[in-house]
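Since every read-out is calculated from the coordinates, none of them should be taken as a lab result. Bear in mind the structure is a predicted one, so any value in this text is a computation, not a measurement. All Cβ positions, glycine included, derive from the backbone under ideal geometry; neighbour counts span all protein chains shown.
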Amino acid sequence: MPLICYVTEQDMNAPLDAERLLRLLGVSGKLSGFYYAVYMLEQVKQKPDHVLLITKRLYKQTAQYFGTTTDCVERNLRTLVQACWRQPDHGLLDRIAGSPLLQPPTNTQFIDMLSAYLRKYAL
């Protein structure tokens, strides 16, 4: 089964940011959690200590920013992680994690490893 990628040829050479990275992982902006994840990744990229209090601080901050609830943020992020995991090719996700993943990452693991990858490779 071919990899579904939501990045156009024109975007392939664009600078790496949270939105582009999620699209490279095969998830699209159609998912409610997509823009929550983009926001959270940018927050943790700028302030890595935010990942330590993801459920107490970052979910709340994200919910306030988007005018929703923390439960909604957590659930939609979990749905996004599962959508990413359902992609047939986990090659990029494994490279980001640093080793092959045997099960889907938790929300915190997902945000942590993607934000670390962005800090290292984003311009």
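Summing Cβ point charges (Lys, Arg +1; Asp, Glu -1) relative to the Cα centre of the range 19-121 gives a dipole of roughly 140 debye.
Modelled spin-label separation between C72 and S99, with each label point placed 7 Å from Cα along the Cα-to-Cβ direction: 3.8 nm. Each of H50, I111, Q82 was scored by the projection of its Cα onto the charge dipole of the chain, and the greatest displacement toward the positive side belongs to H50; charges sit on the C-beta of Lys, Arg, Asp and Glu. Within the range 19-121, the ratio Rg/Rh, alpha carbon atoms throughout and Rh by Kirkwood, equals 0.93.
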